[in-house]
Amino acid sequence: VSPDGSKVAMVLDSPPRLGLLDVPTGALSTQTPQGPSGSIRRIKFSRTGRYVFFEFGMGSHHYTTLWDLDEGGLKVGPRWDVGPTDVQFVDRDRTLASAVLFAKVDLRGEEVLFWNVDTAELLRKVEACVFR
């Protein structure tokens, strides 16, 4: 549900699409992620309601996708082998923070990645929890 309560985002299938219901009018608009098939998970509105974040998974790859409700298009962000465990919009919706599990040769843990919403550029990476 959008922050102002006027919109509801939902998953529609065959093929998987993200639906957006305008509560006052009952109008439904949809966006179909790129790719032949996959699943949509982790739907979240930004704090201002301009963006809807969702994770689109195809096989072992997971893509960050933002639906820009002001401009009407999809922005495909970074690809992960493991999807994020959580996402939050920060810095007045200019940055997306995503918590991601990682595994290296002798370390496992979680790191937080900060992405520029407009360019999908990785701004910084912070290791949050590390286990040996």
I'd like to know which of 19, 101, 58 lies farthest towards the positive end of the charge dipole of the chain, counting +1 on Cβ of Lys and Arg and -1 on Cβ of Asp and Glu. 101
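Just how many pairs of Lys in the chain have C-alpha atoms closer than 22 Å, counting pairs that are eight or more places apart or on different chains?
Close lysine pairs found across the chain: 6.
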Per residue value of the accessible surface for the chain (all protein chains in place, 1.4 Å probe), Å²: 56
Sites residue 4 and residue 41 - FRET efficiency at Förster radius 22 Å, r taken between beta-carbons, to 0.05: 0.40
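Which value in Å is the Kirkwood Rh of segment 75-129 over different Cα pairs?
So the Kirkwood estimate lands at 11.6 Å.
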Using θ = phi - 60° and the Karplus relation 6.51 cos²θ - 1.76 cosθ + 1.60, list the HN-Hα couplings for segment 16-27 in order, rounded to whole Hz, with x at every Gly or Pro. x, 9, 9, x, 10, 9, 7, 4, x, 9, x, 6
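The values are calculated or read from the model by the stated rules, or taken from the named source; none is laboratory data. Keep in mind the model is a prediction, meaning the values are calculated, not measured. So basically every Cβ, Gly included, is an ideal-geometry build from the backbone, and we count neighbours across all protein chains shown. Accessible surface areas use protein heavy atoms only, side chains included; no ligands, DNA or RNA. Shrake-Rupley method; radii C 1.70, N 1.55, O 1.52, S 1.80 Å.
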